[in-house]
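Bear in mind that the values in this text are calculations on the coordinates, not laboratory data. Everything numeric in this text was worked out from a predicted model, so none of it was measured. FYI the Cβ positions are ideal-geometry reconstructions off the backbone, even for glycines, and counts take in every protein chain you see.
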Amino acid sequence: MPDIGGSDLFVLEFGDILHYYTPYTTTLFLFALIFTALAILSRPEGQIDIAFGGDAYYAKETTVSEMRFRRFMAIACGLATMGAMGSGDLFNFTLFASLVGITNVGIVAAVKSHHVLNAAYEYGIVAMVATLPLFGGAALILATTGTLSIPALAAGGFAVPLVAKAFLTLGVIGEGMAPFYAAKAEMFRAPGAPYVIMCSLSSLLIFLRVVEIAITI
Amino acid sequence: MKRTTITYGLAASAIVIAAASGLLAAALIPLWAAETAIVIAFPALVIFLGLWWRAPGGEEDIPFIGY
Amino acid sequence: MIEYLVFAAVFGLLLLGLHRKVIARVQMRPGPPVWQEILHALKFSFKSTWVPKTASATLYVGVVLVGIGIWSAALFVVLAGESILILFAIYMLHKVVEHGFGLSSGSPYGKFGGVRSVISAASEIPLFVTIAAIYLFTESLLLSDITAYQAVHGPFLLIAPPVAIAMYLVILSKLPYGPFSIVESKELVSGYKTEHFGVWRAGISVIDGLKTFVLLFAFVALFIGAVPFWAALVLMTIVLVSLSFVCAVSPMLSPFDSVTIQGLITGVMLAYAGYLWWVMP
């Protein structure tokens, strides 16, 4: 394998499917772990909003049941991200990435606000459409090389088509909320800081991982 | 937080850093282990140091009563 | 180990002080003393400290610790010559930390600072183009291999100048008074830093010091190569002074202009990387 993220620290094998951790993916994994722990441990903040053009401000109201559901989704999102960080199999990676997309929609879709729901709906459509290039990229790689194992592909001897790598990257960009859907500020303004942060964290992390995969294979 | 809690936290983080540096100098632990220990302990040291030299011992601070 | 961290934090803060001084002199103001940022860090650490009532306490305190931790790790990564992907992952994750600072307090100013930090994600993409372009030359992303390559072939600053410019702009967008510094612009009080006061703010100062040191040190290592430590410090100061001139003469852009310009830079860099990929054997 080319030296991208440093030499392997740990490999977990399930037959020909394996998980491997380099210093790079370990760093990403630990970051996902820390923020998942923060999402579990911290209570949501009480958000204050200002009425522009005056001195008035008001506190946003949130319900416990809504926050409980979003915390569940944030934890699921953290687990999916951690899975995507170590996965050494392209199909598993695409599954984890699409799970990140689903849980990201879940985190914001539980907010009972018109604007947030609208943004979440549009993002959900983007995430659904993005599964096409995501799984399409993996399928193209399987069809041309006959394997989906990242170490096997990195060992050389396979001509992985560039379009497949581009599809994979495009799919991940669509699944993740932060890199290219970030202008929808409504979603990041929603109350429940520890959970909203999981959205931007998970999308950055799967993006960072797919860059490593695209260079490696 | 109470002053004793902060003192213990400061001492703990300082001891971790000193131990990691010492063990590394004696070549008892690898470099990455020392670095990990310091990366974890250094933020705690910074925060506890600030809290420690500000923390009131016993007497309460004068509250702000407005201009 | 710990002496490196303390030195990097103090020297980084000194560089930020110099940054303010140069900006002030270019704008014909006297400016604060060079050690002002160090005094700021000490001043904040002596102030009384608590957690705001509306804040999500664990996250509010946790992000300060995470922020110092990731930049300490980044310093060790650079010093050990490990993969620059780790360094750039930490750079991108700093965005999440900023977001955490902004959202955790519940204050509207901090929240908008955090939202701006997410929407300026476009500034991170030139980094990946930088990485990809360097990889095309070196076939490795370990910093030690990259400096070894430069020892043979000469500095990257001369081999691939557009890549160096992209990284320069990335550092520019993380400086506090630059044209892209929309996350802490003054109409939002202090942006994402607004609600972190006292010791927490002193922690942010340490983060800023480490961040400035690590990014400038990485710039020197990536584009000029292995030089003695004192020479690296001199080169870092020169790079920072040139950045200060850019900051002094350019206005702060509005959020959407900032994102648009960063997006255009990304497009140009992608085209350059594609060109490199095409002509490389």
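A few comments on the model shown:
- Ranked C:C247, A:C199, criterion: other C-beta atoms within 10 Å, fewest first: C:C247, A:C199
- Taking a ≥ b ≥ c as the square roots of the Cα gyration tensor eigenvalues, the stretch C:194-281 comes out oblate, since a/c reaches at least 1.5 and a/b does not exceed b/c.
- Order of C:F180, A:F35, A:F72 under a 10 Å beta carbon neighbour criterion, fewest first: A:F72, C:F180, A:F35
- Label point distance in nm, C:T260-C:V241, each placed 7 Å from Cα along Cα→Cβ: 3.6
- In units of the rule-of-thumb radius 2.2 N^0.38 Å, chain C shows an alpha carbon radius of gyration of 0.99.
- Across all Cα pairs in the protein assembly as shown, the calculated P(r) in 10 Å bins from zero up to the longest distance comes to 3, 17, 29, 28, 17, 5, 1, 0 percent per bin.
- Rg/Rh, computed from the Cα trace of the stretch C:147-216 with Rh as the Kirkwood radius, has the value 1.15.
- Chain A: angle of helix A:193-216 to the longest principal axis, Cα-based, in degrees nearest 10: 20
- Between C:K53 and C:I159, the contour length at 0.36 nm per residue exceeds the alpha carbon distance by 32.7 nm.
- Packing-based order for C:64-70, C:159-165, C:273-279, using average beta carbon neighbours within 10 Å, highest first: C:64-70, C:159-165, C:273-279
- Net dipole in debye of chain C [+1 Lys, Arg Cβ; -1 Asp, Glu Cβ; about Cα centre; nearest 20]: 900
- Nearest-ten-degree value, helix A:23-41 long axis tilted from longest Cα axis of chain A: 30
- Take the Cα radius of gyration of the stretch C:122-281 and divide it by 2.2 N^0.38 Å, N being the number of residues; the result is 1.12.
- For the stretch A:59-164, the Kirkwood estimate of hydrodynamic radius, built from reciprocal distances between every pair of different alpha carbons, is 15.6 Å.
- Fluctuation leader among A:V160, A:V105, A:V172 - chain A, Gaussian network, Cα springs under 10 angstrom: A:V160
- Two-site FRET efficiency, A:F14 against A:V64, from Cβ-Cβ distance with R₀ of 45 Å, rounded to 0.05: 0.70
- Among C:Y168, C:Y91, C:Y135, the residue with the largest mean-square fluctuation in a Gaussian network model of chain C, with springs joining Cα atoms closer than 10 Å, is C:Y135.
- Chain A: most fluctuating residue of A:D89, A:D16, A:D49 per GNM, C-alpha cutoff 10 Å: A:D49
- Plainly put, the stretch C:1-79 has a radius of gyration that is 1.07 times its Kirkwood radius, both from alpha-carbon atoms, as the Rg/Rh ratio.
- The alpha carbon radius of gyration of the stretch C:50-201, expressed as a multiple of 2.2 N^0.38 Å, is 1.19.
- Environment charge at C:V51 (Cβ cut-off 15 Å; Lys +1, Arg +1, Asp -1, Glu -1): +3
- All-pairs alpha carbon distance profile, the stretch B:3-54, 10 Å steps from 0, percent: 29, 45, 21, 5
- Site pair A:Y57 and A:H114 shows an inter-label distance of 2.5 nm when each label is modelled 7 Å from Cα along Cα→Cβ.
- Rounded FRET efficiency, nearest 0.05, which uses the C-beta distance separating B:A33 from A:V163 and R0 of 45 Å: 0.55
- Calculated translational diffusion coefficient of chain A (20 °C, 1.002 mPa s; Stokes-Einstein with Kirkwood radius over alpha-carbon pairs) equals 118 µm²/s.
- Backbone HN-Hα couplings from phi across the stretch C:231-237 [Karplus 6.51/-1.76/1.60, Hz, Gly and Pro as x]: 5, 4, 4, 5, 5, 4, 5
- Distance between the 7 Å Cα→Cβ label points at A:T147 and C:A24: 6.2 nm.
- Chain A, helix-only ellipticity at 222 nm - DSSP H runs n ≥ 4, -39,500 (n - 2.57), divided by all residues, nearest 500: -22500 deg cm²/dmol
- Cβ-based net charge around A:T26, under 15 Å, with every Lys or Arg adding one and every Asp or Glu removing one: -3
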